[in-house]
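The block underneath contains the structure these notes are about, expressed in structure tokens.
The values are calculated or read from the model by the stated rules, or taken from the named source; none is laboratory data. What you see is a predicted model, and the numbers here were worked out from it, not measured in a lab. Cβ placement follows ideal geometry from the backbone for every residue including glycine, while neighbour counts extend to all protein chains displayed.
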Amino acid sequence: MLSVTRRSTGRLAVAALTFGLVAAGVIGVAGPAAADEVPMHRGGATATLGGLKTFDQAVIREGGETEKIGAGLFEMSVDNGGTLQSYCIDIHNPTQDQAKYQEVPWKSSSLHDNPDAGKIRWILQHSYPQINDLDRLAEVAGTGTLSEKTAAAGTQVAIWRYSDHIRVDAVDPQAEKLADYLYKAARTVAEPRASLTLDPSAIAGRTGKRLGPVTVRTNASSVTVAPPTTTVPSGVKVVGGNGKPITRAVNGTKLFLDVPAGSPDGTAGLTVEASAKVPVGRAFTGVGQHTKSQTQILAGSSESTVSAKATAVWARSGAIPAVSARQNCAKGGVDVTVANKGDAPFTYTLAGREHTAASSATKTVTVPAREDQAYRFTLVGPDGLEKTFTGALDCQTVTDGGRADDASTVAGGGAPPTARPSPAAADGPTGDEVAAPESGDLADTGSSSPVALIAGIAGGLLVVGGGALFLVRRKRTAPSSEPNE
């Protein structure tokens, strides 16, 4: 297995790239193959929700009924290091205690068909905590004095008006004025790319050839590629486009797996890990048993540990299928793609139906899945090949409320809330703001952000990337700049 040779130091974001290479029968006609589970999360941050930390009160008004709720910033702890701040974009769903979340593209979240998704990102870039000079924010928005609590509440209310299209108001007058300002001022901003991903997530090829390429997409400064250890099949190595062994890579670098002629048929797992800041505006959805926990959108990030995975297979002859999968909210199912790089057809059974991927051809089959219900199905091929897919579709909001016509009067509609949208009681004690580091995308007091606010320019935080998997809620499609996700 390729080992990590060094880690990031200080503010330099260095990624560690490891290939787990195992000599085994390939998943085609070439020999016996092991059953395994196809990874559904293609890249980015995974984190644990810590709860609502900086908040005030808001009121939902629907169907002639009202409900008071907590509105503000959540905190998440990133696996293996880092802190995230987020707002809710799924008001009617409750959060689950210590829920696990993963970074996903908008098309895999409740924003997947929301034409106002880009306006939500504008709000995030032009309000608290990205704008942490509350006096300046209050002056621009014309709100009067703002506290961290009321700034967070006003920002959350403005986001809900676009994410859930319901009538919701902040209880505090200054917070309500901020929500009105942000709602009216919002402009469409492009979706941010993933913090880290590999494209594609599965590759295959003939022994004696170079497999790939796999393209690194990241906002980290660099990627470190360690040489093979003695446990790797003899001669198998990671190389660049020129065929030479590669020890360092950056965003856009194309990596290949060089498998010498005569190597035994085999499989490889590929994992990329980096220290990077997750871009503001990335969506986060629940994982596993936490898929019903309300969807979040990133408002701030420290430098955090992010990762991505891919797989590789090779054989001397016969069918050589690379299998990948991603959830498809638009079609209500899971797209299973088989790219057959071999010289023979690959016939397989998927969810009880037989399919064939011709030699040197790619075939995608969508397996239907029901909203909010766990699915588990298997691809079965020759020589004992089994690939299992598990997860749950979470593509729809609880209700489909009306559209907002102005910042203070939002069209209502739909059923009243069926569950509390936050884990904190609206009348309970108020939490403190997440402590912000000196650098990063967490709140930065005294920064130049107010200039961007006045100019109305979405300054960026655009990060090249592409590949996160899971899914989400709603039914309108926003423009996306993530062709690799």
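Just a few scattered comments:
- Among the candidates A339, A308, A319, the residue that is crowded, with 24+ Cβ neighbours inside 10 Å and part of a strand (DSSP E or B) is uniquely A308.
- Checked against (1) crowded, with 24+ Cβ neighbours inside 10 Å; (2) touching a residue at least 40 places away in the same chain (Cβ under 8 Å), V171 passes all but condition (1).
- When the helices (runs of 4 or more DSSP H) confined to the range 105-166 are screened for residues that are closer than 30 Å to E371 by Cβ, those reaching at least 3 such residues are found at 117-125, 148-163.
- The set of residues in the range 16-53 that are under 21 Å from D172 (Cβ atoms) and either at pLDDT below 70 or crowded, with 24+ Cβ neighbours inside 10 Å (or both) contains only L52.
- The listed residues are E176, E191, and the only one of them that is among the acidic types (D, E), buried (at least 17 other Cβ atoms within 10 Å of the Cβ) and part of a helix (DSSP H, G or I) turns out to be E176.
- Restricting the first member to the range 368-388 and to residues that are more than 16 Å from T356 (Cα to Cα) and in contact (Cβ under 8 Å) with a residue 60 or more places away in the chain, and the second to residues that are among the acidic types (D, E) and part of a loop (DSSP other than H, G, I, E, B), the beta-carbon pairs closer than 7 Å and six or more apart or on different chains are D372/D394.
- Of the candidates T390, T356, the single residue that is over 23 Å from the mean Cα position of the chain (by Cα), assigned to a strand (DSSP E or B) and either at pLDDT 80 or above or exposed (fewer than 13 other Cβ atoms within 10 Å of the Cβ) (or both) is T356.
- Residue within the range 365-373 that is at pLDDT 95 or above, touching a strand residue (DSSP E or B) at 6+ places or on another chain (Cβ under 9 Å) and under 20 Å from W314 (Cβ atoms) present: no
- Number of positions in the range 80-102 that are touching a strand residue (DSSP E or B) at 6+ places or on another chain (Cβ under 6 Å) and surrounded by fewer than 17 Cβ atoms within 10 Å (Cβ to Cβ): 3
- Test for G288: is it at pLDDT below 95, touching a Gly at 6+ places or on another chain (Cβ under 9 Å) and on the phi > 0 side of the Ramachandran plot: yes
- The residues listed here are K309, K292; of these, the one that is among the basic types (K, R) and under 14 Å from the mean Cα position of the chain (by Cα) is K309.
- Taking first residues from the range 133-157 that are closer than 9 Å to G72 by Cβ and partners that are β-branched (V, I, T) and in a helix (DSSP H, G or I), the Cβ contacts under 9 Å between residues at least 6 apart in sequence or on separate chains come to T155/I123.
- Leading residue by the ranking (nearest to the chain's Cα centre (by Cα)) among those in the range 249-285 that are on the phi > 0 side of the Ramachandran plot and either surrounded by fewer than 24 Cβ atoms within 10 Å (Cβ to Cβ) or in a strand (DSSP E or B) (or both): G252
- Count of the range 359-381 residues, restricted to those that are over 27 Å from the mean Cα position of the chain (by Cα) and crowded, with 18+ Cβ neighbours inside 10 Å, is 1.
- Every condition in (1) at pLDDT 90 or above; (2) under 28 Å from the mean Cα position of the chain (by Cα); (3) over 15 Å from L124 (Cα atoms); (4) not in a strand (DSSP E or B) is met by Y183 except one, and the failing one is (3).
- Residues that are in contact with a Leu (Cβ under 7 Å, 6 or more places away or on another chain) and either of a type in the set (G, A, S) or surrounded by fewer than 24 Cβ atoms within 10 Å (Cβ to Cβ) (or both), drawn from the range 103-130: S108, A117, S127
- Of the criteria (1) in contact with a Pro (Cβ under 9 Å, 6 or more places away or on another chain); (2) outside any loop (DSSP other than H, G, I, E, B); (3) not polar (S, T, N, Q), which one Y101 fails: (1)
- When residues in the range 359-374 are screened for being hydrophobic (A, V, I, L, M, F, W, C) and in a loop (DSSP other than H, G, I, E, B), 1 of them pass.
- Condition check for T229: over 30 Å from A374 (Cα atoms), at pLDDT 85 or above and not in a strand (DSSP E or B): no
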